[in-house]
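Presented below is the structure to which this report refers.
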Amino acid sequence: MKKTLFLALTILASSICASATSKADKNKKNIATTVLTNQTDSISYAAGVNATSGLLPFLQQQYGVDTAHIVDFIKGFNEAESKINTPEGKAYIAGMDIAKMVAERIIPGTQEQEFKGSNITLDPKSFNAGFTAQLTKDTTIFTFKEAKDFKKDILSAAGEKFLSENAKQPGIKILPDGLQYKVLTQGTGETPKENDECEVVYEGKLIDGTVFDSTKKHGSTTDKFRPGQVIKGWKEALCMMPVGSKWELYIPEELGYGERATGPIPAYSPLVFTVELVGITHPEEKKDDNKVTEKTESNVKSASKTTPTTTGKSVNKTVNKSKIKVHKQK
C-alpha cells in the first residue's frame, strides 16, 4: 500500500514538473531575444530601460491599466510600433484614440451640456453607432439635419409646453417673435436705444426656478450694458421699457442661447428674467463727461504750473482756483 501511494505521488510530481517546464518553454518562445551587437545598440537599449521611469504609475493613473495586464500593453505597443507609419496604421491608432476620447469626454460632455435637467441618459452603444454611421455617410436612420432636428424636438418639448401654458396667464403680453412679458411696474421715463447704456437690476431663472444669474450675485446694486450687447430677447424688451419699469420676461430659446449650452443653462432652454430699468446714459452724454474731465485735468495742471512761490504773483493762483471750482460744480 505504501509503495503504491509513493508511486502515485512520484507520477503526480513528474506530471506537474513536466507541465511547468512546458509552460516555461512556451513563455520563452513568446519572448523575443534581443541581441546587442554594438555600442549604439547597447546605449539605445539602456536609454529605453531608463525611459520607463514612472511609466507604470502613469499607465495606472491616466489609462487605468492594471499591471497584471502589462503583457497586453506590450502587445498593443509592439503592434502600434509596426503600423504607426503606415496609412492604415495611423487611421487605426487614431480610431482607438478617438474611441477613448468619446467614452471619457464626448459622451459625458454631451450628457452634461445638452441633456442636463432632462430624464434622458445617453446609451454609449447607440451613441457610437450614430457616430460611426455619420463618418461612413450612412443615412439609413438619420441624416445629419434629421438627427439635429429630432434632438431639438425632444429637448425643446418641456420649454414649449411651459411657454404655451404661460401665455394663458393673466397679464402676459406676446410679441410676434414669441417673446412674452408681463409688466410689474410701468415706468414713465425715457425708452433706451440700442447704443444707450442701460442701468438695470435683474435676475435670470430656468423654467424650473433655478437662478443662474443676477445682479445680486455680482455683489453690486446695479449692472450696466447696452441692448446691443445682450441676447435678442433682452435687447427687444429693453428697447421697449421706459425708465422706471420693472418687467418679467419669458424668452424662447430662439431669442436666448438656442442650441448652445452656456454654463448652467442647458441647450434649447427658455429663460425667465425679472428686469428693472433704473436709468439710461446716452453715448453723447458720456463724451461730454469725458470732455469736462479732460478740461478739468488741464486746469489742474495749469494751476500747479502757475501757482506762485512768492506773494508778489498771487493773481494767477486766484484765477486758476476759480476755474477748478466752476468745474467741480458742474
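No value in this document is a laboratory result; all are computed from the given coordinates. Just so we're clear, the structure is a prediction, and the values are computed from it rather than from any experiment. Counting neighbours? That spans all protein chains shown, and the Cβs are built from the backbone with ideal geometry, glycine included.
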Potential lengthening between residue 212 and residue 235 on full extension [0.36 nm per residue; Cα-Cα distance subtracted]: 6.4 nm
Would you please put 145-152, 255-262, 132-139 in order of how densely packed they are, using the mean number of other Cβ atoms within 10 angstrom per residue and starting with the highest? 255-262, 145-152, 132-139
Students often check this: by mean Cβ neighbours within 10 Å, which of 158-164, 220-226, 66-72 ranks highest, and how do the rest follow? 158-164, 220-226, 66-72
Explain nothing, just compute: Karplus ³J(HN,Hα) = 6.51 cos²θ - 1.76 cosθ + 1.60, θ = phi - 60°, for every residue of segment 150-155 in order, whole Hz, x for Gly and Pro. 4, 4, 4, 4, 5, 6
Ratio of segment 166-284's C-alpha Rg to 2.2 N^0.38 Å, to two decimals? 1.01
Using each residue's phi in segment 116-129, evaluate 6.51 cos²θ - 1.76 cosθ + 1.60 at θ = phi - 60° and report the 3J(HN,Hα) Karplus result to the nearest Hz, with x for Gly and Pro. 4, x, 9, 9, 9, 10, 5, 9, x, 4, 5, 4, 5, 5
HN-Hα J in Hz across segment 87-92 - Karplus 6.51, -1.76, 1.60, θ = phi - 60°, x for Gly and Pro: x, 5, x, 4, 5, 5
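If you put +1 on each Lys and Arg Cβ and -1 on each Asp and Glu Cβ, how big is the dipole of segment 163-258 around its Cα centre, in Debye rounded to 20?
180 debye
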Approximate spin-label separation residue 80-residue 67, in nm, with each point projected 7 Å along Cα-to-Cβ: 2.0 nm
With +1 assigned to the C-beta of every Lys and Arg and -1 to the C-beta of every Asp and Glu, and no other charges, what is the dipole magnitude of segment 53-172 about the Cα centre in debye, to the nearest 20? 300 debye
Arranged from highest to lowest average of other beta-carbon atoms within 10 Å per residue, in what order do the peptides 230-237, 185-192, 124-131, 34-41 appear? 230-237, 185-192, 124-131, 34-41
State to the nearest 20 debye the size of the charge dipole of segment 143-213 about its Cα centre, where the only charges are +1 on K and R beta carbons and -1 on D and E beta carbons. 440 debye
